[in-house]
Amino acid sequence: MEKVPVIELFSIGTELILGQIQDTNAFWMAQRMLELGGRLRRITMVRDDFDEMKDAIESSIWRGTDLILTTGGLGPTPDDMTVEAVAKIIGKPTIVHEETLAGFMDRRELSSRTDVSPAMIKMATVPETAHIFQNPVGWAPCSSVRINLSTILMMPGPPEEMKAIFDSHVALLIAERYRAKAAALRVYVNMFESEVSPLLQVVMNSHPRVYLKAYIALRRTDSEYMPVDLVSTGIDAAEAESQLQEAVNYFRQLVIEKNKILSLDDA
């Protein structure tokens, strides 16, 4: 088990597995978590299958994951099973959250419970012990439960709803739990991947809290410069920036020396 608290993200939806919809939620949240100092360990896509979903989240709990985020599976259709799966995991029944349902009725101007649709009932259903964060731009709320060392946060799948809930509720939680800060910079080198890759490893060995990645796919022709990202994490913004600058300077030095050697080889 890792001692540093970590986050794992589960994107739930068969349409993601089939490639019908791109998982933009995970990409967006990974960027936001880095900005907030959260340490994201794993991103997993899971089908709308009760057992697969349950097994995947239980495995994350077993790994001692501090914060487990799920997106999707909170809608009104039969294949939306995130709430039921998480309730099963924590050993609690599901209940209708009356405050959420009352909000639904107010928005639809319904005066009687008998006028409430099954879809609205389902979206207002949560694990019995869940703490609820209301959805500021949609319907299904965000539910939070605690089990062992893990907090599970269930967010809706539509991107605008996920982003609104993340910024309204989840971001603060991450900022409170994770004190690390990040700094990032993109530089460009006139080298082939085989030439620059060893240098990236040398820098990372020397600066273990700085991650370097070259993007060969973004270099359309050999004459174009190749982008290289450097991402530093520190206990605060000043440390992260200081480490980043040290790594950039060292990387620049290695590139210059490597290019000198290449020039001599061509002579």
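The values are calculated or read from the model by the stated rules, or taken from the named source; none is laboratory data. Because the structure is predicted, anything quoted here is derived from the model rather than measured. Quick reminder, even Gly has a Cβ in these numbers, built from the backbone with ideal geometry, and neighbours come from all protein chains shown. Areas reflect the complete protein model, heavy atoms only, side chains present, ligands, DNA and RNA absent. Shrake-Rupley method; radii C 1.70, N 1.55, O 1.52, S 1.80 Å.
Per residue, the convex hull spanned by the Cα atoms of segment 1-157 measures out at 114 cubic angstrom. I'd like the Karplus ³J(HN,Hα) series for segment 44-58: coefficients 6.51, -1.76, 1.60, θ = phi - 60°, whole numbers in Hz, and an x wherever there's a Gly or Pro. Once rounded to whole Hz, the list reads 10, 9, 10, 5, 6, 10, 4, 5, 5, 5, 4, 5, 5, 6, 4.
Look at the dipole of the chain built from charges on Cβ: of 34, 105, 5, the Cα furthest out on the positive end belongs to 5. So what does the Cα-only Debye profile of segment 193-252 read at q = 0.16, 0.23 Å⁻¹, as log10 I(q)/I(0), no solvent term? For segment 193-252 at q = 0.16, 0.23 Å⁻¹, log10 I(q)/I(0) is -0.52, -0.89. The Kirkwood hydrodynamic radius of the chain, based on inverse pair distances between different Cα atoms, is 21.0 Å. With each label modelled as a point 7 angstrom along the Cα→C-beta vector, the residue 119-residue 250 pair spans 5.6 nm. Compute the long axis of helix 98-108 from its Cα atoms, compare it with the longest principal axis of the Cα atoms of the chain, and write down the angle in degrees, 0 to 90, nearest 10. Approximately 90 degrees, to the nearest 10.
Taking all protein chains together, 226, 81 sort by accessible area into 81, 226, largest first [probe 1.4 Å]. Each label point was placed 7 Å from the Cα along the Cα-to-Cβ direction; for residue 62 and residue 185 their separation is 4.3 nm. Between segment 40-107 and segment 123-165, how many Å separate their Cα centres? Cα centroid to Cα centroid, the span is 8 Å. Taking the Cα centre of the chain as reference, the dipole from Cβ charges on Lys and Arg (+1) and Asp and Glu (-1) amounts to some 540 debye.
With a Förster radius of 41 Å applied to the C-beta separation of residue 132 and residue 238, the computed FRET efficiency comes to 0.65. Close amide-amide hydrogen proximity is noted between residue 147 and 152, each under 5 Å apart and 5 or more residues distant or on a separate chain (H modeled in the peptide plane; Pro and chain starts excluded).
Counted residue by residue at 0.36 nm each, then reduced by the alpha carbon distance between them, the extension gain from residue 96 to residue 258 reaches 51.9 nm. Taking the accessible area of the chain, probe 1.4 Å, and keeping the other protein chains in place, the carbon and sulfur fraction comes to 54%. Taken about its Cα centre, segment 25-86 carries a charge dipole of roughly 480 debye when the Cβ of each Lys and Arg holds +1 and the Cβ of each Asp and Glu holds -1. Loop-located GluC sites (Glu not before Pro) across segment 120-177 with a Cβ neighbour count of 13 or fewer within 10 Å are 128, with loop assigned by DSSP.
With both residues required to sit in the chain, DSSP beta bridges show an antiparallel share near 60%.
Based on protein heavy atoms only, the chain ends up with 53 Å² per residue of surface accessible to a 1.4 Å probe. The angle between the Cα long axis of helix 193-206 and the longest principal axis of the Cα atoms of the chain comes to about 80 degrees, rounded to the nearest 10. Based on Cα contacts under 8 Å between residues 6+ apart, segment 61-201 shows a relative contact order of 27 percent. Provide the FRET efficiency to the nearest 0.05 for the residue 149-residue 224 pair, computing r from the beta carbons and using R0 = 51 Å. For R0 = 51 Å, the calculated efficiency reads 0.60.
What longest region of the chain stays clear of trypsin sites (Lys or Arg not before Pro) that DSSP places outside H, G, I, E and B and that have at most 12 other Cβ atoms within 10 Å? Free of exposed loop sites, the longest segment is 4-178.
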